[in-house]
Amino acid sequence: MYGGGMEIFMREIIIAPSILAADIANLGRDVKLSEEAGAKYLHIDIMDGHFVPNISYGPDVVKALRPLSNQVFDVHLMISDPLFYAERFAKAGADIITVHCETVSDYKDTADALHALGVKAGISVKPKTPASEIIDAVKYYDLILVMTVEPGFGGQSYIEEMNEKIALLREAIDKTGKDIDLEVDGGIGPKNIHMPLKAGANVIVAGSAVFKAEKPAQVIAEMKETKI
Ligand code: DX5
Ligand code: ZN
């Protein structure tokens, strides 16, 4: 058994490249590349043009990518009515479906509904939503996603004020005694990954830092090997 502090250093760093920043005309190639480079999760951003002011893609894209990769498909629903669409994403091959707390009326019912689809349940908080909003609901979920930029677009800057929120949610997760992922999303790359890691995150989403790099595989490897 390790003490609280020690566990932080023993935690495996999981990289979840966000295909929002990939070459959309070569999506399959980029997904395969990310798996070969050791990214255990693949982060798939779904935007409806309503919850966020941008539109990405739907379940058919998830379905098309599914046979190309054994990665954990981490589907981030930035949409206003996530439970209406969740089944389609589950059938398309999602392993984790994350919904935004700002769209949810009952945290337990929502987690139960996602679990009934045979997927892991995730809950996400926008930067301006405090940790206190979901702290009592953490126990129902398999993944907690802290947005470190305003959702909607890749390529923004990491909001450092989120470090404290990450730490609060890490504390809440540890209190449950359950193996719950703490994921961070937005503006993260090799230069600042130490911040969310130190605060207690274990799943790191990276879009631009990976796919806009000259050598994406090298960036993934570098991030995975970060020492804190
Ligand atoms: C933003 C998305 C992110 C985004 C991250 O709404 O949820 O997943 O793609 O991209 P970077 O890493 O470029 O900030
Ligand atoms: Zn995302």
Taking all pairs of distinct alpha-carbon atoms in the chain, Kirkwood radius in angstrom:
17.3
For T129 and S80, calculate 0.36 nm times their separation in residues minus their Cα-Cα distance, and state this gained length in nm to one decimal.
16.0 nm
Would you mind telling me the share, in percent, of accessible area of segment 6-224 contributed by carbon and sulfur at probe 1.4 angstrom?
51
For segment 6-224, the per residue accessible area (1.4 Å probe, Å²) is 45
Placing +1 at every Lys and Arg Cβ and -1 at every Asp and Glu Cβ, with all other atoms neutral, what dipole size does segment 6-224 have around its Cα centre, in debye to the nearest 20?
420
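Using only DSSP helix segments of four residues or longer, with each worth -39500 (n - 2.57), what per-residue ellipticity at 222 nm results for the chain after dividing by its residue count and rounding to 500?
Estimated from H runs of four or more residues: -9500 deg cm²/dmol.
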Please list, or write none, the lysines whose alpha carbon is within less than 27 Å of the alpha carbon of K108, excluding same-chain residues fewer than 8 places away.
K91, K120, K126, K128, K139, K165, K175, K178
Would you list, by chain and number, the aspartates and glutamates whose Cα falls below 13 Å from the Cα of K32, excluding same-chain residues fewer than 8 positions away?
D23
Roughly what % of DSSP beta bridges within the chain run antiparallel, to the nearest 5?
5
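The values are calculated or read from the model by the stated rules, or taken from the named source; none is laboratory data. What you see is a predicted model, and the numbers here were worked out from it, not measured in a lab. Note that we place each Cβ from the backbone using ideal geometry, even for glycine, and neighbour counts take in every protein chain shown. Side chains included, ligands, DNA and RNA excluded: accessible areas come from the protein's heavy atoms. Shrake-Rupley method; radii C 1.70, N 1.55, O 1.52, S 1.80 Å.
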